[in-house]
Amino acid sequence: MNEVNPFETAQRQLDKAADVLDLDHSVHQALREPMRTFIVNFQVEMDDGSTKTFKGYRVQYNDALGPTKGGLRFHPDETLDTVKALAAWMTWKTAVADIPYGGGKGGVVCDPTELSESELERISRAYVCAVSDFIGPEKDIPAPDVYTTSQTMAWMMDEFSKIKGVNAPDVITGKPIGIGGSLGRGDATARGVIYTIREAAKELGMNLDGARVAVQGYGNVGFHAHKLAEEQLGAKVVAIGDAEGAIYSDDGLKHKKISNNMKEHGVFAKDIEGTEFLGDGDKGNAELLELPVDILIPAAIENVLTAKNADHVRAEVLAEAANGPTTPEADEILYENGVYIIPDFLCNAGGVTVSYFEWVQNRNRYYWSKSEVYERLDKKMTKAFADVHERAREEDVDNRTAAYMVSIEKVAEAMKLRGWV
Ligand code: NAD
């Protein structure tokens, strides 16, 4: 599924919006590449006493609007181009959500499924040690991402604080509540996705009560998106999938039933009475993407919608919870077919928005209630959605291009005001 280079996709998306904007050549050139790219190699003692060298990345794409911000992945297939693409998307994401941050991203090439807890702790601390001069509360603020958790963030924050001789909860977000995490961070991304779907439905005159939804990916985002689609929208989730496969029920899959089943059996819900198994892995997920639903939520990995399957998507709304789920070729087909796309860096901006709230709370040493967090998140997401929707309508362009236009203008203005271009 990943034959498309995500950084080339990010550059092509930028080029398209730059063209419509008639963007100044010098700004366009500056925005096509990251400002700073760090590659670090560091040694970690393994449980068997041997020493292993790991490679880590940190990309600071653009910091015109503020310190760079973005997650850290621990993944065996992590590549510099993936990190660069994700850092670019973070730049557009923070800009569209009107958060005073630039975009960044990082990762360590490792397979967490083959590492013990103490090895993971030593890798986390060694990575921070290697990048400690480049990150900081006013420079670059990491967060969790694929295969990193609030515990990873806790180790990293502690290590950074030790190195600098200060207590610095604001160097990293996504921390456990007990050491400065924000209430409401756990389901913030999914909540943001749901808010944008609610706004899209208003614009499209779509009745969400009983609307049919398919969710691909059942991790942090997909799991909560299922729950909130039921609770907040009154929608009916008819299909869910993860790397193991996908299941379907015409009557709707109740979140409680699925989550209870997962707790009991410890794996994704395969054999649940009253549900149809669509197939293992890629086969089941390919079917899920083409189901007759009102709303499709890809919440797993990149490049799942391509020129091969885009024409078969039957959803009216495509809410891109995942980063980069749609290739540029698929994008054009979907737009032609009238699918309303809520583009990734708008749709999934809820996570970084609450991360920003966490940083604000850390810096003020004053913490908000969950309802305060939700209320502020709703305001930010609703405003970001409206900006993009209006821009698309005014310029007669697709939503992704409109989102890029809104974001690029903010970043370009900051670069010009600073005298960079
Ligand atoms: P996660 O690791 O918790 O879950 C990922 C899910 O995708 C798992 O259920 C996994 O089984 C499934 N998956 C993996 N490969 C698959 C495949 N080939 N087909 C179908 N399912 C597959 O990750 P997450 O935090 O839920 O993130 C999901 C997506 O959302 C990613 O693209 C991530 O970058 C994006 N995102 C996450 C956040 C956040 O706050 N967690 C914020 C913004 C964007």
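The values are calculated or read from the model by the stated rules, or taken from the named source; none is laboratory data. None of the values given here were measured: they were computed from a predicted structure. Neighbour counts run over all protein chains shown; Cβ positions are idealised from the backbone, glycine included. Remember, those area values only see protein heavy atoms, side chains included, never the ligands or the DNA or RNA. Shrake-Rupley method; radii C 1.70, N 1.55, O 1.52, S 1.80 Å.
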Within segment 148-171, residues part of a loop (DSSP other than H, G, I, E, B) and either acidic (Asp, Glu) or surrounded by fewer than 21 Cβ atoms within 10 Å (Cβ to Cβ) (or both) come out as Thr149, Gly165, Val166, Asn167, Ala168
Only one of (1) within 16 Å of the ligand (Cβ to nearest atom); (2) of a type in the set (Val, Ile, Thr); (3) not in a loop (DSSP other than H, G, I, E, B) does not apply to Val44, and that is (1)
Counting only residues that are within 22 Å of Glu302 (Cα to Cα), open to solvent by less than 50 Å² (accessible area, probe 1.4 Å), out of contact with any strand residue (DSSP E or B) (no Cβ under 6 Å at 6 or more places or on another chain) and not aliphatic (A, V, I, L, M), segment 328-379 contains a total of 9
For segment 113-132, pairs from a residue that is open to solvent by less than 30 Å² (accessible area, probe 1.4 Å) to a residue that is of a type in the set (Lys, Arg) and modelled with pLDDT of 95 or more, with Cβ under 7 Å and 6 or more apart or across chains, are Val131/Arg58
Expected output for segment 275-303 (first residue assigned by TED's automatic domain parsing to the domain that holds Pro328, partner open to solvent by 10 Å² or more (accessible area, probe 1.4 Å) and assigned to a helix (DSSP H, G or I), Cβ below 7 Å, 6+ apart or cross-chain) is Leu278/Glu287; Gly279/Glu287; Glu290/His312; Ala299/Val221; Glu302/Pro6
**OP:** Kindly check whether there is at least one residue in segment 204-223 that is within 14 Å of the ligand (Cβ to nearest atom), in contact with a helix residue (DSSP H, G or I) (Cβ under 9 Å, 6 or more places away or on another chain), part of a helix (DSSP H, G or I) and touching a residue at least 60 places away in the same chain (Cβ under 8 Å).
**Re:** yes
*Could you say whether any residue in segment 177-186 is at pLDDT below 95, more than 30 Å from Ala392 (Cβ to Cβ), open to solvent by less than 10 Å² (accessible area, probe 1.4 Å) and within 12 Å of the ligand (Cβ to nearest atom)?*
no
When every residue in segment 402-420 that is of a type in the set (Gly, Ala, Ser) and surrounded by fewer than 19 Cβ atoms within 10 Å (Cβ to Cβ) is compared, the one nearest to the chain's Cα centre (by Cα) is Ala414
Listed by first then second residue, the pairs whose first member lies in segment 19-46 and is of a type in the set (Lys, Arg), whose partner is in a strand (DSSP E or B) and open to solvent by less than 70 Å² (accessible area, probe 1.4 Å), with beta carbons under 7 Å and at least 6 positions apart or on separate chains, are Arg36/Gln60
When you check Val267 against the structure, is it in a loop (DSSP other than H, G, I, E, B) and within 16 Å of the ligand (Cβ to nearest atom), yes or no? yes
| said: With the structure loaded, tell me whether Pro100 is surrounded by fewer than 21 Cβ atoms within 10 Å (Cβ to Cβ) and within 15 Å of the ligand (Cβ to nearest atom) or whether it fails that test. | reply: no
Cβ pairs under 6 Å, 6+ apart or interchain, first in segment 342-371 and away from the ligand (no atom under 16 Å from the Cβ), second acidic (Asp, Glu), ordered by first then second residue, are Asn362/Asp170; Arg363/Asp170
- [ ] Consider Thr196 carefully, then state whether it is open to solvent by less than 10 Å² (accessible area, probe 1.4 Å) and part of a loop (DSSP other than H, G, I, E, B).
- [x] no
Checked segment 277-290 for anything exposed (fewer than 14 other Cβ atoms within 10 Å of the Cβ) and part of a strand (DSSP E or B); matches are Asp280
- Message: Given the criteria crowded, with 18+ Cβ neighbours inside 10 Å, assigned to a helix (DSSP H, G or I) and under 14 Å from the mean Cα position of the chain (by Cα), does Ala88 qualify?
- Response: yes
Considering segment 331-341, residues that are away from the ligand (no atom under 16 Å from the Cβ) and not in a loop (DSSP other than H, G, I, E, B), and then whichever is nearest to Glu290 (Cα to Cα), we arrive at Leu334
Looking across segment 227-249 at residues that are of a type outside the set (A, V, I, L, M) and within 11 Å of the ligand (Cβ to nearest atom), the single one that is surrounded by the most Cβ atoms within 10 Å (Cβ to Cβ) is Gly241
Within the bounds of segment 68-83, is there any residue that is more than 21 Å from the chain's Cα centre (by Cα) and part of a helix (DSSP H, G or I)?
no
Note on segment 296-317: residues within 14 Å of the ligand (Cβ to nearest atom), of a type outside the set (Asp, Glu) and on the phi < 0 side of the Ramachandran plot are Leu296, Ile297, Pro298, Ala299, Ala300, Ile301, Val304, Leu305, Thr306, Asn309
